[in-house]
Amino acid sequence: MEMKALINYFYMDGNNIKEKKDFYIKLDEFLGFNAYVEGSAQVPVLDVLWDVMTCGAGLNCVLYWQHSESSKKNLGIEYFNKIIDTLKEVENYQIKQCELYEQYKNDSPFKFYLE
């Protein structure tokens, strides 16, 4: 019997997301891919998030974005919606990845929930 990989759960408090860099710092804690470097003048764009997560980061992970309405207010509706759209695209991509490729058959695709 094949075993599924363990699922990692991460709870991100939207009250602490005041600006874009806060979002990336929290994702760094969750995924460990160093998208944001402290002291860097440049905050990465959502393309970086897409690139990293479609290469396997986020597999077997579930993100609970608590107080997401607070983040939406702080980040602005337009940027917040871009983040959500990117996360949905990643979720759908990883579902297909897990279905199609043998190397991912024991993995679970990334999922996220807004609370």
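Miscellaneous remarks
- Residues C98, C61, sorted so that the one with the fewest Cβ neighbours within 10 Å comes first: C98, C61
- Rounded to the nearest 20 debye, dipole of segment 8-114 from Cβ charges on Lys, Arg, Asp, Glu: 220 debye
- Phi-based couplings in Hz for segment 45-55 (Karplus 6.51, -1.76, 1.60; Gly and Pro marked x): 8, 5, 4, 5, 4, 4, 4, 5, 6, 7, 9
- Over segment 8-114, relative contact order from alpha-carbon pairs under 8 Å, at least 6 apart, %: 34 percent
- Based on DSSP H segments of at least four residues, each scored -39500 (n - 2.57), the chain has a per-residue ellipticity at 222 nm of -14500 deg cm²/dmol.
- Which listed pairs, of K4/K96; K72/K105; K21/K72; K82/K111; K20/K105; K26/K105, have C-alpha distances above 25 Å, in listed order: K72/K105; K20/K105; K26/K105
- In degrees, nearest ten, helix 20-31 long axis to first principal axis of the chain (Cα): 30 degrees
- Full-stretch length increase - I84, Y101 - with 0.36 nm per residue and alpha-carbon distance subtracted: 3.6 nm
- In the chain, the longest principal axis of the Cα atoms and the axis of helix 77-100 are about 10 degrees apart.
- Rg(Cα) / (2.2 N^0.38 Å) computed for the chain, rounded to two decimals: 1.08
Every read-out reported here was derived from the displayed coordinates using simple, explicitly stated rules and does not represent laboratory data. These numbers come from a predicted model, not from an experiment. Glycine gets a Cβ as well: all are built from the backbone with ideal geometry, and neighbour counts include every protein chain shown.
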